[in-house]
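Contents: one structure, followed by commentary.
What follows draws every value from the coordinates through simple rules; no lab data is involved. Keep in mind the model is a prediction, meaning the values are calculated, not measured. Backbone-built Cβ (ideal geometry, glycine too); neighbour counts: all protein chains shown.
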């Protein structure tokens, strides 16, 4: 590995080497300008100043957490605005809430979305690179969507925002080399089924340099540096073979006996029961990837969290259903929703291709007098009824924008942001709700997008994807991109691509809440430069022997840090325990005064479909119980 690399060295050499620049016309000084050592480089395009939780976003959020604005100052700016509805949070749930409100209330109503980031979308954002003249796109967070039954509510919703052909077309193979089957999503791992996948074992397993096991399933893990007992357990998991005479039935309906049993135990215990795995096998080889949909390893999660998604009932594969993914993940869905709310918000047509290629027209988002407005970089710090909640006619909202505090009023509010902020922002929140929110545990995630000039190093090794069990990250996948907003309809080992590392922070054995705290401390306490070095070292350790030169071949790295990326539901979260109600139900069952609660947290499963459904419920409650 090369000698110590400074941030300026990296920009001056890796990105600008051989006269081939990541950003044409940009100097190291320009790339450094405005990018602190926490946030780092943000790429190009609409999302260049909003890669994950940037330092400015974190500072505003921590001011809320620390109670800096518990007492509002007297010199606030009174905007004089009074809205029919204010939505706190401009992620998919907030955008959906505004859409449902707009459609239910009809013409003449006024709705405002307050979004704390520099751009809408929540975790449904993307990164963009320009590598050797080619624009590359990758997701920051929210990634896949499923094809729904054609007459279902979700299918009709997709259709209403312009997602009318949910089965996407993907890049085709090009070049002289024999074709590798490639995944459509970062979670598909199609190479495992075709012998084009690898497991890497390093110092943790007594190998320095590390060793590769290519086609681990096809070889029945023969050659893996593990005991025979562990090998057989792990292989049973990889092949999906349950323990003999232990038939498992999936939940049929939310809240049935199977669901409730699963919610009473950890996912780790469930895997041990269903697949006969030892605890160490789970913690060494499955954690944190299995459970990654809820942010932590199986030891910290309700077993039901692994099955909650199933009850959304997407179209099954035998009827043409499958996971789909846009190049930038569910960024496209967020953009379609915004375009439906504010037609001039994105240049071009109101089609998938239009919103993928068009640029955001930021001035059009917050036009005085418009029926729906989106106010960016505006962190809500105070939401409170004007009087007793059950008698008040309005709610006062205060927010922070560019260092100034502003105040406005609304007849109704949808709290569509995360649970970790709602409990601080709603000042008159009842104790029952605060107690419920105290049981919502969140965990962090960092999505590292690594742009490489080609992936010949993987092809030479016979891999389209791989897993490793030490160091930074856990897995990555070469994926073919959907042909929406993508210039190149083909892919080959010579193509520049983005490899995404989903970096989770699990500490097996600690309580769910404590694991989240530890993960945030680790993620937020590490500089961009240190993470950059770790990634480059990891790639060098694993791939240098196959010809990868990290200084030459890595064209750029963008880090997307999400401090509260996932709700991590502990046993009892979904259906309650010890005779107490489930914490989510306390917040879902009715509005508090004129305030309703949305966001995917309340479903307990991190899926954009739940974001939409929770928004529908919240807005429906406002019209049924508050605004009638």
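Computed from label points 7 Å out along Cα-Cβ, the spacing between residue 36 and residue 578 is 4.0 nm. Think of it as helices only: each DSSP H run of n ≥ 4 in the chain is worth -39500 (n - 2.57), and spread over all residues that comes to -7500 deg cm²/dmol at 222 nm. Evaluate the Debye formula for the stretch 226-323 with equal point scatterers sitting on the alpha carbons, no solvent, and hand back log10 of I(q)/I(0) at q = 0.16 Å⁻¹, in q order, two decimals. Debye intensities relative to I(0), on a log10 scale: -0.74. A crude spin-label estimate for the pair residue 79 and residue 349, with each label 7 Å from Cα along the Cβ direction, gives 3.5 nm. The slack between residue 241 and residue 205, meaning 0.36 nm per residue of separation minus the straight C-alpha distance, is 10.4 nm. Peptides 242-251, 53-62 ranked from most to least packed give 53-62, 242-251, packing being the mean of other C-beta atoms within 10 angstrom over each peptide's residues.
On full extension, the segment bounded by residue 109 and residue 165 gains 17.0 nm, given 0.36 nm per residue less the C-alpha separation.
Axis of helix 331-341 versus longest Cα principal axis of the chain: the two differ by about 20°, to the nearest ten degrees.
Across the chain, the mean sequence separation of Cα contacts (distance under 8 Å, 6 or more residues apart), normalised by length, yields a relative contact order of 23 percent. The angle separating the long axis of helix 92-105 from the principal Cα axis of greatest extent in the chain is about 40 degrees. Centre-to-centre separation between the Cα atoms of the stretch 355-392 and those of the stretch 449-466: 43 Å. From the coordinates of this entry, Cα Rg over 2.2 N^0.38 Å is computed, and it appears in (i) 0.95; (ii) 1.43; (iii) 0.89 under the label (i). The stretch between residue 546 and residue 393 holds 48.3 nm of extra length on full extension. This uses 0.36 nm per residue minus the Cα-Cα distance. Could you list log10 I(q)/I(0) for the stretch 444-513 at q = 0.26 Å⁻¹, which the Debye formula gives when each Cα is one point scatterer? For the stretch 444-513, the Cα-only Debye profile gives -1.28. Against the chain, whose longest principal axis comes from its Cα atoms, helix 55-65 is set at around 50 degrees.
Here r is the Cβ-Cβ distance between residue 227 and residue 359 and R0 is 60 Å; the resulting FRET efficiency, rounded to 0.05, is 0.60.
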